[in-house]
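In what follows, a structure is listed as structure tokens, so that the remarks can point back to it.
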Amino acid sequence: MTADFRVRRARAADVSGIVTLTEPLVDRRILLGKERVDLYGALQEFRVAEASDGSLIGCGALHVMWEDLGEVRTLAVADAWLGRGIGHALLDELEADAAELGLSRLFCLTFEVDFFGRHGFVDMGHETVDPAVYAELVRSHDEGVAEFLDLARVKQNTLGNTRMLKLLGGAASH
């Protein structure tokens, strides 16, 4: 990590900065919008990147979906900071969080296929889960779970996105 930014756990005071970071991507239909109340409710899932002047320049979240499965969500970097390693640093922290939680697989739904591919994520194609796990997951109202399962009810939100998966613990090549 370079000296001009650091990655840390998000705090309640960061939610307005997270909204500011993500709104342009929501407007361009790259990220799904989230209500502030939902961001506060998921705050413990977030890491943020902070510039040396204290401004937020990136964010990302890790959402646990199942006993071995997490989703990388809301990964965003301020346009002025793109290409400076912030997204990579955030993703590295989220992967470390996933390992600490005992997860062995990470899912993401993204337009940034090359970026995630450099981190060992691969296109899921039509991969499915065990029928018993599917029966449990399909009960969830969580949109990320629906995306992972490729349910028809979220198709309008995923046009052009790629469902990607990474196996943690050295199971996937980098």
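The values are calculated or read from the model by the stated rules, or taken from the named source; none is laboratory data. As the structure is a prediction and not an experimental result, all values here were calculated from the model. Don't worry about glycine lacking a Cβ; one is built from the backbone with ideal geometry, like all the others, and counts go over all protein chains shown. Areas reflect the complete protein model, heavy atoms only, side chains present, ligands, DNA and RNA absent. Shrake-Rupley method; radii C 1.70, N 1.55, O 1.52, S 1.80 Å.
Key figures
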| quantity | calculated |
| --- | --- |
| Full-extension gain in nm, Val64 to Ile30, via 0.36 nm per residue minus C-alpha separation | 10.1 nm |
| Per-pair calculated FRET efficiency, R0 = 22 Å: Asp92 and Asp53 via Cβ, rounded to 0.05 | 0.45 |
| Accessible area per residue in Å² at 1.4 Å probe, computed on segment 13-101 | 48 |
| Cα pair distances exceeding 11 angstrom across segment 1-47, given as percent | 70 |
| Dipole magnitude of segment 43-112 about its Cα centre (Cβ charges: Lys, Arg +1; Asp, Glu -1), debye to nearest 20 | 160 |
| Packing-based order for 96-108, 24-36, 43-55, using average beta carbon neighbours within 10 Å, highest first | 96-108, 43-55, 24-36 |
| Debye, to nearest 20: dipole size of segment 1-86, +1 on Lys, Arg Cβ, -1 on Asp, Glu Cβ | 140 |
| Lys/Arg +1, Asp/Glu -1 at C-beta; segment 1-71 dipole; positive extreme among Ala61, Leu32, Ala49 | Ala49 |
| Accessible-area composition of segment 1-52, carbon plus sulfur, in percent [1.4 Å probe] | 51 |
